[in-house]
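The values are calculated or read from the model by the stated rules, or taken from the named source; none is laboratory data. These numbers come from a predicted model, not from an experiment. Here the Cβ is made from the backbone with ideal geometry for all residues, glycine too, and neighbour counts use every protein chain on show. The area values use the complete protein model at the heavy-atom level, side chains included, leaving out ligands, DNA and RNA. Shrake-Rupley method; radii C 1.70, N 1.55, O 1.52, S 1.80 Å.
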Amino acid sequence: MDAFLQLSLAPILIGVLSAIACALPGNFLILRRQALIGDAISHVVLPGIVVAFLATGVIAALPMLVGAAGAALVAVVLIETIKRVGRIEPGAAMGVVFTAMFAGGVLLLEQTDTSAVHLDVEHALMGNLESLIWFDAAGWGSLVDPAALAGLPPELPRIAVVAAVIALLTFVFWRPLKLSTFDEGFAATVGVPTRTIGLALVAASAVAAVAAFDAVGSIIVIAMFICPPAAARLMTNRLEAQVGWSIVFATVSAILGYVFAGYGPLWFGAQNAVSAAGMIAAVSGAILAVACLAAPHRRRIGAAQGQG
Amino acid sequence: MPDAILSALLFQAGYNAALVAIGSALLGIAAGAGGTFLFLRKRALISDAVAHATLPGIGLAFIAMVALGGDGRNLVGLLAGSAVSAAVGLLLVDWIVRHTRLAEDVAIGAILSVFFGLGIVLLTVIQTMSSGRQAGLEGFLLGSTAGMLRQDALVIAVGGALALAVLVLLRRPMTLVAFDPGYAAARGVRVQAVDLAMMGLVLAVTVIGLKVVGLILIVAMLIIPPVTARLWSERTDTVVAVAGVLGGLAGYLGAAISASAPNLPTGPIIVLVSFSLFCFSLLMAPSRGVLAAAVRHRRFQRRVHRRQGLLALARNEPILDPLTLKVLRRDGLIRPDKVATDAGRARAAKALRDERRWEVARRMHQDEGASGRYDGLTSIETVLTPDEIAAIDAEIGAPRLAGQGAN
């Protein structure tokens with residue numbers, strides 16, 4: 001049991017909280033046809049983090065968050081500029097910006113000596129969930145022991161705060177968010193600041209992406225923005241229920257993914273664990289696949305029944 | 001370093017480097033031109049799903065080749081595997097959009113992240129295999145041309161040339177389908193087949209580009225050159241050609257720069273060269289560029305100020321606005337002491353008369369298109385015929401000289 005506490009509790013919690021923090025804004029993104037914003041954000045975060053590292057010389061949470069948020073802002077401004085000035089459709093404008101910024105990040109990373117610190121492209125993609133272990137745990141008593149709790153990986157409290165803030169924001173701004181997502185015109189006429197709400201949603205997604213990225217890498221970020229909310233969308237027609245389902249799916253993906261990655265290979269007689277981040281994304285995909293095949297509201301309203 | 005770049009540009013940095021540069025250029029041309037059709041169908045980001053979906057195929061192909069006792073690093077085998085899994089990903093995106101209520105962007109994002117996640121799982125499995133330690137499959141993420149085998153470079157060059165040939169053969173039907181699928185179907189073009197061919201081309205470019213640019217950035221070669229070319233032209237043929245040239249240029253320059261010094265990974269350099277070309281175009285393009293827009297705005301501003309200034313002259317009103325004064329003075333319509341010159345008085349009288357003509361015209365043609373054209377800048381001669389204007393003049397009376405009681 002100590003082994004579980006030391007090796008698995010913190011990664012599972014971090015995985016679950018990251019998944020929820022991304023899935024919550026993801027619900028609104030997919031309804032607003034902005035699902036690929038998560039993809040774009042998780043790419044542009046890289047140059048932000050590298051620049052923050054070059055500016056401060058250390059790998060610390062705060063400068064990295066600031067750098068990543070700055071990069072996300074630059075990306076949004078660039079995409080808007082290209083859309084307006086060049087009259088280019090949004091998808092293509094996004095493709096231009098995020099690939100160029102990611103390429104810049106990779107080049108910067110290759111050009112600087114980051115061998116002394118834990119900063120490389122693969123880490124950025126895959127995260128290192130497995131390394132977030134809790135050395136100070138010695139039995140269940142440690143859960144109430146302040147000294148042992150202080151030894152928790154710092155990523156855990158950070159992602160917990162971010163997840164809580166995002167949940168709180170979703171709760172507080174529920175009505176304007178829902179209104180402006182479903183009927184922007186009506187929302188505007190009843191005085192909801194729709195543009196501000198839209199920007200705030202992207203900003204909240206960026207914060208979730210950055211915090212989760214720090215702990216689990218960009219694959220989970222993209223998968224969690226899209227797969228649990230998409231599966232939830234097929235389960236129900238009510239937004240409240242959809243958000244609830246998406247949290248359930250995100251949690252299940254994170255736990256099952258971690259367990260399969262850590263213990264699954266052992267069941268097949270292999271020695272080493274496989275990537276937890278990749279496995280969590282794969283499990284969320286499996287859930288979505290099942291939802292696509294069997295969920296009650298999977299079809300478009302008006303679509304042909306039966307052999308449709 | 002300039003010398004190193006120059007020698008790489010002139011194919012003097014070794015046979016392999018030259019092959020890679022030629023291969024990248026061919027690939028860039030095929031990707032730029034092929035991506036244009038995707039962009040025109042507004043499906044540019046589907047290539048991102050295709051690119052990420054290649055990863056599990058690479059992993060499975062490696063495992064399969066090792067299990068069969070072969071060399072897991074055989075490029076042709078790996079690329080074949082990646083093509084299969086990318087095709088599966090593409091079909092799944094299509095299936096999700098067709099059979100569920102989820103939108104295409106959701107399907108793209110889901111396939112992209114899940115396939116990539118699966119691929120990463122397979123990569124970690126391969127790392128634990130005895131033959132997998134030196135597999136170097138991570139090179140497919142961001143591309144690596146350093147230490148590329150000669151036969152690999154040949155595969156890329158031949159593949160790029162083939163993709164280009166298919167593109168040239170299919171450009172007519174693809175243009176038709178990109179703009180008007182309904183019309184294309186009526187003309188007897190098999191829209192589904194052409195769509196399939198277009199996706200096949202995208203898939204081929206992606207797979208061939210994996211080794212050079214890497215699967216995360218290959219989408220840039222399919223998107224940035226078409227977007228750049230679109231800034232320069234409104235004609236499909238031109239956009240396709242320009243996108244091909246820009247893509248080829250980016251591929252060639254990028255590969256050469258990357259070969260000239262260490263720590264310059266090929267993929268990101270190609271993308272950044274492409275992005276630089278894009279930024280240049282966004283500034284300089286003739287009608288959609290930033291500079292062109294600024295010039296247009298300035299010209300418009302001057303026309304408004306000139307007209308307001310002329311009307312003020314005609315009505316003997318004082319002109320205070322500095323820009324108006326500057327415009328009038330530069331055109332020789334007023335003297336430095338703000339008094340109208342002869343030319344200025346003539347133009348002012350004409351401006352005032354045109355204003356009154358418009359007034360009458362709008363009264364006469366209240367519900368016609370002509371009166372809707374009144375914006376103060378359109379000259380009345382371009383809207384009405386001379387005899388219409390003569391009729392209006394008859395109503396207004398004979399012209400009087402400005403400054404002598406025009407009203």
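Below is a table of values for the structure above.
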read-out	value
Value of D in µm² per second that Stokes-Einstein yields for region A:181-302, Kirkwood Rh from Cα pairs, at 20 °C (1.002 mPa s)	132 µm²/s
Acute angle (nearest 10 degrees) that the helix B:386-396 long axis makes with the longest principal axis of chain B, alpha-carbon atoms	40 degrees
For residue B:217, residues with placed amide H under 5 Å, excluding near neighbours	none
Convex hull per residue volume in Å³, alpha carbons only, for chain B	225 Å³
Only Lys, Arg (+1) and Asp, Glu (-1) charged, at Cβ; the protein assembly as shown dipole about Cα centre in debye	2560 debye
CD proxy at 222 nm, helix term only [per DSSP H run n ≥ 4: -39500 (n - 2.57); per residue of the protein assembly as shown; nearest 500]	-24500 deg cm²/dmol
Global form of region A:2-294, assessed from the alpha-carbon gyration tensor, a/c cut-off 1.5	oblate
Highest-MSF residue in chain B out of B:64, B:184, B:390 [GNM, Cα springs under 10 Å]	B:390
Solvent-accessible heavy-atom area per residue, rounded to whole Å², over region B:291-396 at 1.4 Å	61 Å²
Relative contact order (percent, whole number), region B:268-323, Cα cutoff 8 Å, 6+ residue spacing	14 percent
Under-5 Å amide H pairs with residue B:334, H placed in peptide plane, nonlocal only	B:329, B:341
Choice from A:197, A:220, A:37 showing the highest fluctuation, given a GNM over chain A with Cα pairs closer than 10 Å	A:197
Gyration tensor verdict on region B:291-396 (Cα atoms; rounded if a/c is under 1.5, prolate if a/b is larger than b/c, oblate otherwise)	oblate
Within a Gaussian network of chain A (alpha carbon springs, distance under 10 Å), most fluctuating of A:156, A:168, A:177	A:168
Potential extension, residue B:166-residue B:335 segment - 0.36 nm per residue separation minus Cα distance	54.2 nm
Estimated D of region A:226-273 in µm² per second, where Rh is the Kirkwood radius over Cα pairs and Stokes-Einstein applies at 25 °C, 0.890 mPa s	206 µm²/s
Accessible surface buried once A binds B (1.4 Å probe; total of both sides; Å²)	4800 Å²
FRET efficiency, residue A:3 to residue A:268 (Cβ-Cβ, R0 25 Å, nearest 0.05)	0.75
Global form of region A:1-139, assessed from the alpha-carbon gyration tensor, a/c cut-off 1.5	oblate
Distance histogram in 10 Å bins (all Cα pairs of the protein assembly as shown, percent per bin)	3, 13, 21, 22, 16, 10, 8, 5, 2, 1, 0
Efficiency of FRET from Cβ geometry, residue B:186 and residue B:298, R₀ 35 Å, rounded to 0.05	0.15
Protein accessible area in the protein assembly as shown, 1.4 Å probe - carbon and sulfur %	65 percent
Translational D in µm²/s for region A:78-232 (Stokes-Einstein at 20 °C, 1.002 mPa s, Kirkwood Rh from C-alpha pairs)	113 µm²/s
Per-residue mean of C-beta atoms belonging to partner chains within 10 Å, peptide A:279-287	5
Under the span-like rule (Cα at least 15 Å along the axis, Kyte-Doolittle mean at least -0.5), DSSP H helices of chain A	A:10-31, A:37-56, A:61-86, A:90-111, A:155-172, A:194-216, A:218-233, A:239-267, A:276-294
Charge dipole magnitude, Cβ of K and R +1, D and E -1 - region A:2-294, Cα centre, debye nearest 20	1140 debye
Relative contact order, percent, chain B [alpha-carbon distance under 8 Å, six or more residues apart]	21 percent
For B:220-227, mean number of other protein chain Cβ atoms within 10 Å	5
Selected from B:45, B:81, B:292, residue furthest toward positive end of dipole (chain B; charges at beta carbon)	B:292
Degrees separating the helix B:150-179 axis from the principal Cα axis of chain B, which is the longest one	40 degrees
At least 30 Å² of accessible area lost relative to the chain alone, listed for region B:89-108 with a 1.4 Å probe	B:95, B:99, B:100, B:101, B:102, B:103, B:105, B:106
Amide hydrogen neighbours beyond the local backbone of residue A:59, cut-off 5 Å, H modeled	none
Estimated vicinal HN-Hα couplings, Hz - region B:43-55 in sequence order (Karplus 6.51, -1.76, 1.60; Gly, Pro = x)	10, 4, 6, 5, 5, 5, 5, 4, 5, 5, 6, 6, 4
Among B:313, A:247, B:269 the positive-end extreme of the charge dipole of the protein assembly as shown (Cβ point charges)	B:313
Chain B: angle of helix B:191-213 to the longest principal axis, Cα-based, in degrees nearest 10	70 degrees
Spatially near lysine pairs across the protein assembly as shown, Cα under 21 Å, sequence gap of 8 or more or different chains	4
Simple label model, 7 Å out from Cα along Cβ direction - residue B:41 to residue A:135, nm	5.6 nm
